[in-house]
Amino acid sequence: MTGQEFRTDRGGLVDRSRPLRFRFDGRDYTGYEGDTLASALLANGVHRTGASIRLGRPRGIFSAGVEEPNALVQIEEPFPEPMLPATTVELYDGLVARGLGGRGRLADRPDPARYDAIHAHCDVLVVGAGPAGLAAASAAASAGGRVIVIDDQPRPGGSLLGAGSPVPELPPNPELRLLTRTTAFGYYDDNYVVAVERRTNHLGANAPAHLSRERIWRIRAREVVLATGAHERSLAFADNDRPGVMLAGAARTYVNRYGVRPGRRAVVMTTNDSAYAAALDLHAAGVEIAAVADLRPGGSPAWAQRCAERGIDVLDGHAVARVIGEDRVSAVTLRRKDGGPARDLDADLLLVSGGWNPVAALYSQAGGRLTYDEELGAFRPDGSCRQAVTVVGTHTPGIAVWTLPGGDPATAFVDLQRDVTVADLERATGTGMRSVEHVKRYTTAGTAHDQGKTSGTLTSGVVAGLIGAEIGELGTTTFRPPYAPVSFAALAGRDRGLRYDPVRVTALHAWHEAHGAPFENVGQWKRPWYYPGDGEDMVTAVLRECRAAREGVAMMDASTLGKIEVGGPDAAVLLDRLYTNMMSTLKVGAVRYGVMCRPDGMVLDDGTVSRLAEDRFLVTTTTGNAAAVLDWMEEWLQTEWPELRVHCTSVTEQWATVAVVGPRSREVVAALSPGLDVSREGFGFMTWRDAVLAGIPGRVFRISFSGELAYELNVSWWDAAALWDAVLAAGAAHGITPYGTETMHVLRAEKGYPIIGQDTDGTVTPYDLGLGWAVSKKKPDFVGKRSFSRADTSRADRKQLVGLLPDDGRTLLPEGAHLVETPALPEPPVPTLGHVTSAYHSAALGRTFALALVRGGRDRIGERVFAPLGDDLVPVTITSSVLYDPEGARRDG
Amino acid sequence: MMLIPCPWCGPRNESEFHYGGAAGVAYPADPGALSDEEWARYLFFRDNPKGPFEERWSHSAGCRRWFTLVRDTVTNEIVAS
Amino acid sequence: MAEPTTRHSPLAGAADRLARVTDAAGGAIAMAEVPFLTQLDLRLDPKGPAAAALGVTLPTHACTSARSGDVDVLWLGPDEWLVVGPPGAAERLAGQLRPAAGSEHVSVVDVSAQRTTLLLSGPRVRDLLALGCAIDLHPRSFGPGDCVQTELAHAPVVLFRRDPGFLIFVRASFAAHLADWLVDASVEYTGIPT
Ligand SMILES: [Zn+2]
């Protein structure tokens, strides 16, 4: 272990009683609590942290904050994390990191840490807890507002920390919340600011597992105060990237805040007053100041006087002419800008201040414009933003100097991280580019993880000089979120795995799970797919379930069907207008299948409509469409027909549904409900009855989605499990077989019943599906009717739903497979006849089959077409979409 | 994340709403009387201005009411509601 | 009306996990299902004569509620309310509301099983809800009796500020998801990883 020979004897905000061990590039070091990785490295004399991404030039620590373009590190322990600026990594015991010369490496194992997100609301959000931000926050809090102050550092103070100045306390106030270690990275519409709080990163391996490591804050603020300060920038000159070249303000921060001397002997070059304070503070901490070169002719007499009192040479009108040293600055040559003798000065540190850029990224994201301020030599917010945002803070005036003469422009860097030099900018403008946006894309300047915090304005300045434009006219590139890199883990938060999207389950979910059903996702629902018996695969299980439904009796949880109660004196009028068929003629106690279209005539949904009373209907929708259909009804009611006295209420989870299907289903329902007349005559197809089922009040519907005799039993969601058990018991003597969605699909497909959303895609009319019988010819209008007489919807060559039988009854066509006319593929582009929408093994047919949308399909019945599958063209015959019981003889048992 | 003023519930996050496209496109009183072109115009043609746009929204995760507002499509500012 | 013993509430299977959170949170958070509450979806014109004859007070301010006896009436929209009563009161309440409307069109739909209810309380309950709810639940903006239809944990809910905490009405199919989400969200207070 090496000592911290660059640590000052006293001072700074590090806790010298708490040494922390860490390893960097394979060597062990010690720092203190309160250090960043960068300050701890500097305390140990380590400047060089890696090599540059494109040119492989040695690079060192350049700044002391989020703007760092050079010192990217890969964290190895306690958990791998790539590409973090060493200046933003708080030191913790056991940290293992290495310098990066480019891209980092993602962890090869799942991150065990928690990440989460939280919403917050306030009257005033203050971004930045420097002197201006603290003052704004105190004022807002004392005015009675709810205030949130966020700052990316572990403690408030901002620039005061780097200056070694005392930090005012925030007044104690329960409505004033200070979030430290928090970076506001996105400013969206209506003062919606998104920030990331690093809650336990700084604890390393000691982070408690039950606290989220990082938290995304989604803050809605009435007013936003941006007190984000300024970032210092460098100048473009040859070899301005050498380790040991550092922003002057950063060096001052290292001395004052961290108690670290960033070198032994420094040359300071500046365009403004701020670097003098750095020179004096470093000098006071024992760093020799070889000279301060002020580019301004005449410099600053007041500061020069203070320097003279301490024996520091100030050279006004001077600039750096040459930087000597590769792995570390060893000497600097200064020369008057107008020529004159050169001065070679030994130094291991070259501190640069090329001016200060107000941090305007969030303001720009908020929709505010930036204007070039001659006095600042920088772009600043122009106060025009439409959002309720103000910008506070003071700024340092200076002269705008972008490049220094002499030296090789190919080593004069503007963007250290992307290795973009003045020579690159010359090439870009040489090709004729005049916009910084073009130059940015051509050279990649400003596109690295630091988003050009130190390089953006410098790039604009250099480009302006090259093309002879005013920098104010040229402008800057656009700022977009995120202001600073955010981990995907934080953005995902807890919305991952099963919590990525809500999982909806029926009241029978536990039974399905206990009986080994795999689940199919239907919208947000988990539906049992099939119930594998001992040693059964899916095909075998589904064939068994299908046989039970066709030959005996089977049962299914159909609770996910959307259910809407439509009530009111005009309910029938509404349904007549929204369904293609006539609903007003339905008698109480009767049920009708219905199709809904959009105005363009394309099928939106289908389902059944049951008349519960003269003025009340129960409408079912497909599982995935329940919310959309309810919204659809409300839209028409509210926006087109507010005069209709109708109310629509979702009852999807009020009623659980169990389908009992098969030739023996009548006996099962009779056993469940001894009082119910289940006879063919007494309880006809497409009617419904109130009934008591195994003691549970409910409704029974004679509806079939399989072509078999079938009943749908509705009881309260609370009673679903009891009903299910009762159906199982009542059907036991008949070998009742639970079945899942796959069997349901096979049974309906054998009958040619389409599934909206599977066999349709928003370009399919009821006629295309062969559902012309469900389209009323009597109603003067319904939504979609007018479109059926458009030329496009009456074309003979529209794609129509048909059945397909592969020549080889074992071939299962993949859904989505295309169909072509010829047994050999012609030269591309190959015209397609259509595609397979559903395909299954059929127990009833003893073979595979499919449904497909085929151009002019109904006229092609009997034709042989081909499905290109891999290298083969599989021959199939087009049939009617109804492949089983076309006479409909089975529905009454 | 816009803050959209529901006329009933007050301002809520955009994620609680469904967008309903251009406002003021009424369902024709007698679609059967329209030419194919007129009907196609109703179905498929909408303005897409850069600037203020009168549009419909539904507070789908809240009161489920439809309403109209004017949004500037450049700035997302809701200029009338 | 006696409750049939055949009933299962949507979160019966989660009761133990919710109780463990309450125990482990040391008072910071408490959560439990309040099953089988009577809920009626009521739609009518609040300016019509029926509104006055219902025997319950209809709140007309957005996102507020009114209490009459053992019944809470929650504002859901300008012509929609959720009438909430104790378990088993659906017939009684519907029988009171429907005739009161007379010839006026009202819609009273029993939706008692459509949503179940969770009661969340404890000093950290707002922090917990803020992890998945974008509504400002600060006491200054959301006080006792206030209610709101919104999303919690990406699921549609009605939040009702009812002492001692928040009643959360959640659709039965989303209830297990929400319970799982709440248990996981409570890890910060329970220290029990999920
Ligand atoms: Zn609303």
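Computed values, structure above
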| read-out | value |
| --- | --- |
| Where trypsin sites (Lys or Arg not before Pro) fall in DSSP loop in segment B:11-66, at most 13 other Cβ within 10 Å | B:R46, B:K50 |
| Rg [Å, one decimal], Dmax [Å, integer] - segment A:1-129, C-alpha atoms | 16.3, 51 |
| Net charge contributed by nearby residues that have their C-beta within less than 11 Å of A:F866 (K/R +1, D/E -1) | -3 |
| Peptide ranges A:419-430, A:681-692, A:739-750 listed from the most packed, as the mean C-beta count within 10 angstrom indicates | A:739-750, A:419-430, A:681-692 |
| Theoretical FRET efficiency, 1/(1+(r/R0)^6), r = Cβ-Cβ of A:A514 and C:A19, R0 25 Å, to 0.05 | 0.65 |
| Total accessible area lost when B and A pair, probe 1.4 Å, Å² to nearest 100 | 2200 |
| Electrostatic dipole magnitude of segment C:12-188 [Cβ: Lys, Arg +1; Asp, Glu -1; Cα centre; debye, to 20] | 200 |
| Total accessible area lost when A and C pair, probe 1.4 Å, Å² to nearest 100 | 4000 |
| Cα gyration tensor shape of segment A:88-172, rounded if a/c is under 1.5, else prolate or oblate by comparing a/b with b/c | oblate |
| Cα-Cα over 20 Å, subset of A:K337/A:K453; A:K777/A:K799; A:K587/A:K779 | A:K337/A:K453; A:K777/A:K799 |
| Solvent exposure of the protein assembly as shown as accessible area per residue, Å², 1.4 Å probe | 38 |
| Segment A:58-125-segment C:109-167 distance, computed between alpha-carbon centres (Å) | 37 |
| Sparsely packed trypsin sites (Lys or Arg not before Pro) within segment C:1-109, loop by DSSP, other Cβ within 10 Å at most 16 | C:K47 |
| Contour excess over end-to-end distance, with Cα ends at A:D807 and A:S584 and 0.36 nm allotted per residue | 75.7 nm |
| Protein-protein interface of segment B:62-81, residues with accessible area decrease of at least 10 Å², isolated chain reference, 1.4 Å probe | B:G62, B:C63, B:R64, B:R65, B:W66, B:T75, B:N76, B:E77 |
| Carbon and sulfur %, accessible surface of segment A:398-477 computed with the full protein complex present, 1.4 Å | 50 |
| Rounded Å value of the spacing that divides the Cα centres of segment A:504-580 and segment A:352-391 | 59 |
| Between segment A:604-620 and segment A:807-852, the Cα center-to-center distance that results, in Å | 36 |
| Solvent-accessible area of A:I148 with every protein chain in place, 1.4 Å probe, in Å² to the nearest 10 | 10 |
| Accessible-area order (highest first, 1.4 angstrom probe) of the listed residues A:D797, A:D241 | A:D797, A:D241 |
| Cα shape, segment A:497-578, gyration tensor, a/c 1.5 rule | oblate |
| FRET efficiency estimate (nearest 0.05) - Cβ-Cβ, A:E426 to C:A52, R0 60 angstrom | 0.15 |
| Dipole-positive endmost among A:L41, A:G695, A:S610 within chain A (Cβ charges, Cα centre) | A:L41 |
| DSSP bridge pairs, the protein assembly as shown: antiparallel proportion in percent, nearest 5 | 80 |
| Of C:T57, A:A209, C:V183, farthest towards positive along the dipole that unit charges on Lys, Arg, Asp, Glu beta carbons give the protein assembly as shown | A:A209 |
| Within segment A:797-837: backbone nitrogen closer than 18 Å to the A:D872 label point (7 Å, Cα to C-beta) | A:804-825, A:836 |
| Inter-site label distance for A:I324 and A:A308 at 7 Å from Cα along Cβ, in nm | 2.9 |
| Relative contact order %, chain A, counting alpha carbon pairs below 8 Å whose residues are six or more apart | 8 |
| Gain upon complete extension [A:D495, A:V522; 0.36 nm per residue less C-alpha separation] | 7.8 nm |
| Heavy-atom accessible area ranking, 1.4 Å probe, most first, across A:K440, A:K526, A:K778 | A:K778, A:K526, A:K440 |
| Efficiency of FRET between A:F788 and A:T447 - r from beta-carbon atoms, R0 45 angstrom, step 0.05 | 0.25 |
| Charge dipole magnitude, Cβ of K and R +1, D and E -1 - the protein assembly as shown, Cα centre, debye nearest 20 | 700 |
| Solvent accessible area, Å² - A:L315, 1.4 Å probe, full protein context | 20 |
| Normalised per residue, the volume of the convex hull around the Cα set of the protein assembly as shown (Å³) | 207 |
| Full-stretch length increase - A:E470, A:S165 - with 0.36 nm per residue and alpha-carbon distance subtracted | 106.0 nm |
| Among B:A29, B:P52, B:L3 - extreme Cα towards positive end, dipole of chain B, charges at beta-carbon | B:L3 |
| Ranking by accessible area, most exposed first, for A:H818, C:H61, C:H177 with a 1.4 Å probe | C:H61, A:H818, C:H177 |
| Buried on assembly, segment B:12-26 (at least 30 Å² less accessible surface than by itself, 1.4 Å probe) | B:R12, B:N13, B:E16 |
| Solvent-accessible area, 1.4 Å probe, carbon plus sulfur percent, for segment C:12-188 | 53 |
| For residues of C:109-117, the mean tally of beta carbons on other chains within 10 Å | 6 |
| Portion, in percent, of the accessible area of segment A:102-219 that falls on carbon or sulfur, probe 1.4 Å | 54 |
| Principal semi-axes in Å for chain C [√(5λ), Cα gyration tensor, largest first] | 31, 19, 13 |
| Rel. contact order, % - alpha carbon contacts under 8 angstrom, at least six apart, segment C:12-188 | 24 |
| Proximal aspartates and glutamates to A:K526, defined as alpha-carbon separation beneath 15 angstrom and excluding residues fewer than eight positions away on the same chain | A:D501, A:E513, A:D557, A:E653, A:E742 |
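The values are calculated or read from the model by the stated rules, or taken from the named source; none is laboratory data. Every value quoted in this text rests on a predicted model; they were computed, and no experiment measured them. A quick note on method: Cβ atoms are made from the backbone with ideal geometry, for glycine too, and the neighbour counts reach across all protein chains shown. Quick note on the areas: whole protein, heavy atoms, side chains included, nothing else; ligands and nucleic acids left out. Shrake-Rupley method; radii C 1.70, N 1.55, O 1.52, S 1.80 Å.
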